[in-house]
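The values are calculated or read from the model by the stated rules, or taken from the named source; none is laboratory data. It should be emphasised that the depicted structure is a prediction, and the values quoted were computed from it without experimental measurement. Because the Cβ atoms are built from the backbone with ideal geometry, glycine has one as well, and the counts that use them run over all protein chains shown. The protein model used for the area step is the full one, side chains on, heavy atoms only, and it has no ligands, DNA or RNA in it. Shrake-Rupley method; radii C 1.70, N 1.55, O 1.52, S 1.80 Å.
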Amino acid sequence: MQKYLEPLKKPWRMISAEVDDPWTSQFKEQLMEKIVNLEPAAGINYFNILLLGQAASGKSSFLNTCATAIEDNNRLITLSQVYQKASKSVTTSLEVFPLHTRDGQTLPLRLFDCRGLNVEHGVPTEDVILIVKGHVRNGYEINPEVSIKKENPKYREIAQLKDRMHCVVYVTNAENPSEQLTDPKTEEQLRFVRETIASDHIPQIVLFSKIDKLRISNKDDLRDVFRSQGVRDTCYKAAEYMQIPLMNVLPMSNYHEENLPTLEKDILALFYLLTMMQRANDFVSNCAKVNVPKEFYD
Ligand SMILES: Nc1nc2c(ncn2[C@@H]2O[C@H](COP(=O)(O)OP(=O)(O)OP(=O)(O)O)[C@@H](O)[C@H]2O)c(=O)[nH]1
Ligand SMILES: [Mg+2]
């Protein structure tokens, strides 16, 4: 426990190089402006970002936290259902909800929520790959027993760049024992998915939720998240487990017990959303070879 009490001398992650103190409403405004003004490259209308993870890892809660931060209207938003205790997935289909700003602008972003991973009660591995490659439409009710059939109206035969996932976010959480972030079968499933989609160069991120369950610092203040040795060590373990670089592991605490939004959680959600959108845009630009002279790859 002692290590959680010793802050790092310097923050391990600079949330912004431009400001000394990121926990201000000015910084929140800056993030919001960047998000609202980020236009997808290559003529696509929406970035597609997929949330994947075990049941109860915090996927739907992250989506709701993002919706709350984006609307910024001093109220909590629940687009996707969250229950207090559930052994199987509460979310059973592939579902997407529009995110709106306070003045009604819709973000050019589709954040897909999904049934939890698990070979027996979760999304079949084949379906995960089909979803990532853009062959499954919004609203598909996932059947843990069998993969989607081509005759299903929710199956998309020809998937274009606009239909594919442009960034995959694995949601894992601090509730799991540090050495084992998933059960062994899900670990196997995750490894297969990671390796399959890595060959397509799709950006992959780990969202490490429920960090409020750790003792973040002496004051146990979310503002110490990037100064906490304990959070850094836990994210490092997650990075090793998921075989994803530490810079792509984002420590998060979703809205789960509060009655009103807080500046800290809004800023974390906006910062991570912007990170995901930027990675997605890099992927889209790369696929469409935006700004690359014709002879470059000759
Ligand atoms: N303490 C804490 N609890 C959280 C956090 N995020 C989610 N929870 C709680 O964890 C439980 C599961 O959260 P969900 O968001 O439903 O998880 P999910 O991954 O969508 O789960 P399924 O839809 O069942 O696959 C709920 O009781 C949430 O309130 C967090 O950051 N901190
Ligand atoms: Mg859910």
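Say we look at segment 61-95 and pick out the residues that are within 10 Å of ligand 2 (Cβ to nearest atom) and open to solvent by less than 10 Å² (accessible area, probe 1.4 Å); which of these is farthest from the chain's Cα centre (by Cα)? In this case the residue turns out to be S80.
For segment 200-232, the tally of residues that are at negative phi and open to solvent by 40 Å² or more (accessible area, probe 1.4 Å) stands at 11.
The set of residues in segment 12-23 that are touching a residue at least 60 places away in the same chain (Cβ under 8 Å) and over 13 Å from T275 (Cβ atoms) comprises W12, P22, W23. Among the residues of segment 119-137, those identified as more than 16 Å from S57 (Cα to Cα), out of contact with any helix residue (DSSP H, G or I) (no Cβ under 9 Å at 6 or more places or on another chain) and either within 14 Å of ligand 1 (Cβ to nearest atom) or of a type in the set (D, E) (or both) are E126, D127.
The residue that is farthest from ligand 2 (Cβ to nearest atom), among those in segment 125-150 that are open to solvent by less than 20 Å² (accessible area, probe 1.4 Å) and assigned to a loop (DSSP other than H, G, I, E, B), is G134.
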